[in-house]
Each structure stands twice: as structure tokens, then as C-alpha cells.
Amino acid sequence: MKLTDFKAWLKKSWKHWFFGIVLPLLLVLFLYILQAVLMSFPSVGENYAKTGFVFFSFLPAKISSLFPISLAEIFVVTLVLSIPILIAWFVIRIRRAVKAQRGKKYFFNVGRAAAWTLFGIYFLFMLLQGMNYTRYSLDEKLGFGRRQYTVEELQEVYAWVINGLNETRLQCPEDENGVVTYPGGKYAFLSDLQDLYEDSAKKFPQITGNSARPKPVALSHYWSYTYIVGLYFPFFAEPNINVDVPFVEMAYNACHEMSHLHGYAVENDANLAGLIIALSSDCPSLRYSGYYEAVGLIIKDLLIAYNNDRDGLSEFLSHYPAVDGYFRDFRNGTAYWETIDPPKIVEDVSNAANDTYLKANKQKEGVKSYNMPTSTVADYYFLYVKGA
């Protein structure tokens, strides 16, 4: 080969590889670094969540809402079932390419397609979810976490929670087992949740965004074996809900998934938004799910305030008994999860996958980021109930 011919080949080959494989991989790296950098500039992420995210998620949310079934579930199940066929097809194509002495060209084409597909998927993820990890935290925007509460103040909050819990529980319909439910059942609740969520969100300008129909997952029972009670699928802007779990848990977690669609990607932000939406709802069944969640949160705060004096705390709690319906709901939830006994490897893999995903999106605490800050319920009470 002449020197001029070699230089021409090298120039052509360099462009071929750079624009075919190297460039899309560099773009993926750029997006990853960009997200990391923007974590230090939450004002940029906040502006994006209120503008760009709302714009880009609008059409997927509207299209998804046209279908009563989970598009994400159909997509994932179809993908899993088609993997053996795709592998077999790929092996056949490799053998044909090698036999025809086109192996290098074939592998390059596959690599190019894979690299650009990876970039396309990651770019869409950033538009529809990833950038929202960089915005201000919701508790900061609401004014939460700015003060410490005395034991007496936390006791006042607990009394408010129990009173609300008892009042709303008596207004809720029950199923044949005396367990809380919704008029028409779980599917009717999910059908109405879009409106219920937006009615509550009107009271909080910090919680704005697109809305969509939450989808019941057909394989919910098997989903429970991974301890997943809900999943937001950003590519379809679709909240997916485990409908096999008890209603009171499902209702609160459905609000959590809806909050992702409203731009709160961080898990404890979505938890906080879901709690606020539930507590502020005019629907007794949904409001009860908020109080049900708040009981555990305020007891944790009280236990800290009592310096782990469990006897003293128990004596105080005894002055504010909950209605029998609450204990039926609690026992029902406990009994349900006792029936779910997956192999430890399933739980470990599910937990590790979720932890890796969250840490890849700069959530240093991983799955621990689901935990809401202490004094959340007290902050809500003093700022938006008593302080209103």
C-alpha cells in the first residue's frame, strides 16, 4: 500500500470510528458529567423541572393516559420474552457475516447501532427524569427542616395525627374483611387519582407538573416478591402501581409515583410530596392513607425526643388510642407481607439494582434516600395546618 493510500485509509477509518462509535459514547459521558456538575447548581435544575421537563413529558403523559393498561409492563414483558429470539437471530447473523468474510464490518455496524441507541436512551432519560435529580429539594422549598421541636410540640403533633386518623378512618368504606378501601375498589381509586392528586396539588404551588393516569400492573403479585410497590417509567411518563398490596399502602405509594411525574425524581422528595397530597386531600380514603403513614413518622420523632425511653413514650401514646379499624388495617398489611417470602437472592438483586440506579444518579445514600427527614410531619403541621 502506498503512503498516500494509507493516509487516505487512515483518515477515512478514523472518521468512520469516531462518528460511528466514539462520538455517541462521548456524548453519554458528557451527559453524565453534566448531571454531576448541575448538582451544585440546583437553580438550573429547578428551572428545567418547571419548563423543559413539563414540555418534554407532556406528550408521553397524554399518550400513556389513553391506555388503561401499563405500557411499561407490556414493553418490559415483551422485551424479556423476545430476548432468546434476539440472541438466536444475532448468532445466526454473526455466523453468516463471518462465513461471507464480512465479520469486521458486521461487528462495526452492530457497535455503531448499540452506541447511538445507548446515547438516545440516555438522552431521553435525562430529559424525562435525570435532570430532575439536580433541582432544589422539596422540603427546602416548603420551608421544612428549619427548626427543632420540643417534646411538648411533638406530642401536640401526635395528637393531631391520631385525631385525623380516627376521624377519617370512620369515614372510609370497608371491604368484607373490615379493612379500609375506596368506593369501587382499587381500580376505581386509580381511575380517580389523577383528579384527586391535582385537587390537592392546587394548594401547593411547589408541586406542579403534568399529570397522567396511574396504571395498575397486571403482574403485581409477582412484583411484590421484589418488594416493589410502585415504579415510575420515565420514557412513557407513566406511574405504575402494585395493586396487590393492601389499599392503604397502595394509595400512599401511588401518590409517590405521581410525584415523580410532577418533577420530583429524588425519592424522599416524592415521598414528601405524596404525603402532603394525601394529607391535604378531600377524599377520606386518600387522606387516611396520609395519616396512616404519618403515625409511624411522628412516633420515630417522639422516640428520639424521649431519648429512647420506650416506657415513657408508651405511657403517653396510651392517652391517644387509635380506632379499631386502624389496627385491622395494620394487621392486614402485616399478614400480607408475611405471605411474601421471596428467595433472598431476589430481594438482594432487586435492592442492589435500585441502589445502583440511585447512586448512578448522584444519590449518595442509594436506597436510604427513600427515608424522609425527621420532623417532616411536625413541619407540615406547624407550617400548613396550625400555621395556616
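Brief remarks follow.
- Annotation note: GluC sites (Glu not before Pro) in the range 94-180 located in DSSP loop regions with a Cβ neighbour count of at most 10 within 10 Å are E176.
- The count of lysine pairs in the range 3-134 whose Cα atoms are under 27 Å apart, excluding pairs fewer than 8 places apart on the same chain, comes to 11.
- Working from Cα pairs under 8 Å separated by at least six residues, relative contact order for the chain is 21 percent.
- Counting every other Cβ atom within 10 Å of each residue's Cβ, R328, R93 order from fewest to most as R93, R328.
- Computed from point charges on the beta carbon alone (+1 for Lys and Arg, -1 for Asp and Glu), the dipole magnitude for the chain about its Cα centre is near 3720 Debye.
- The stretch between K300 and W17 holds 96.2 nm of extra length on full extension. This uses 0.36 nm per residue minus the Cα-Cα distance.
- Point-charge dipole on Cβ atoms (K/R +1, D/E -1) for the range 3-134, about Cα centre, debye to 20: 1020
- Estimated vicinal HN-Hα couplings, Hz - the range 37-46 in sequence order (Karplus 6.51, -1.76, 1.60; Gly, Pro = x): 5, 5, 4, 8, 10, x, 5, 5, x, 5
- Under a 5 Å amide H cut-off, with hydrogens placed 1.01 Å from N, Y232 pairs with N240 among residues at least 5 apart or on other chains.
- Spin-label pair V110/L26, simplified geometry with 7 Å Cα→Cβ offset, distance in nm: 2.6
- With a cut-off of 11 Å between beta carbons, the residues surrounding D199 carry a summed charge of -2, where Lys and Arg count +1 and Asp and Glu -1.
- In the elastic network of the chain, a GNM with C-alpha springs shorter than 10 Å, the most mobile of S70, S43, S137 is S43.
- Neighbour-limited loop hits for trypsin sites (Lys or Arg not before Pro), the range 159-262 (at most 11 other Cβ within 10 Å; DSSP other than H, G, I, E, B): K202
- Ranked for footprinting exposure by Cβ neighbours inside 10 Å, fewest first, Y187, Y197, Y252 give Y187, Y252, Y197.
- Compactness check for the chain: Cα Rg over 2.2 N^0.38 Å is 1.19.
- Cα→Cβ-extended label distance, 7 Å offset, between D199 and Q171, nm: 1.0
- Each of L317 and A218 was given a label point 7 Å from its Cα along the Cα-to-Cβ line. The distance between the two points is 4.2 nm.
- Candidates per chymotrypsin sites (Phe, Trp or Tyr not before Pro) in the range 91-178, loop by DSSP, up to 16 other Cβ within 10 Å: Y136
- Residue of V98, V229, V77 that the Gaussian network model of the chain assigns the largest fluctuation, springs spanning Cα pairs under 10 Å: V98
Every number in this text was worked out from the coordinates using simple rules, so none of it is lab data. No experiment lies behind these values; they were computed from the predicted model shown. Methodologically, a virtual Cβ is constructed for each residue, glycine included, from the backbone with ideal geometry; neighbour enumeration extends over all protein chains shown.
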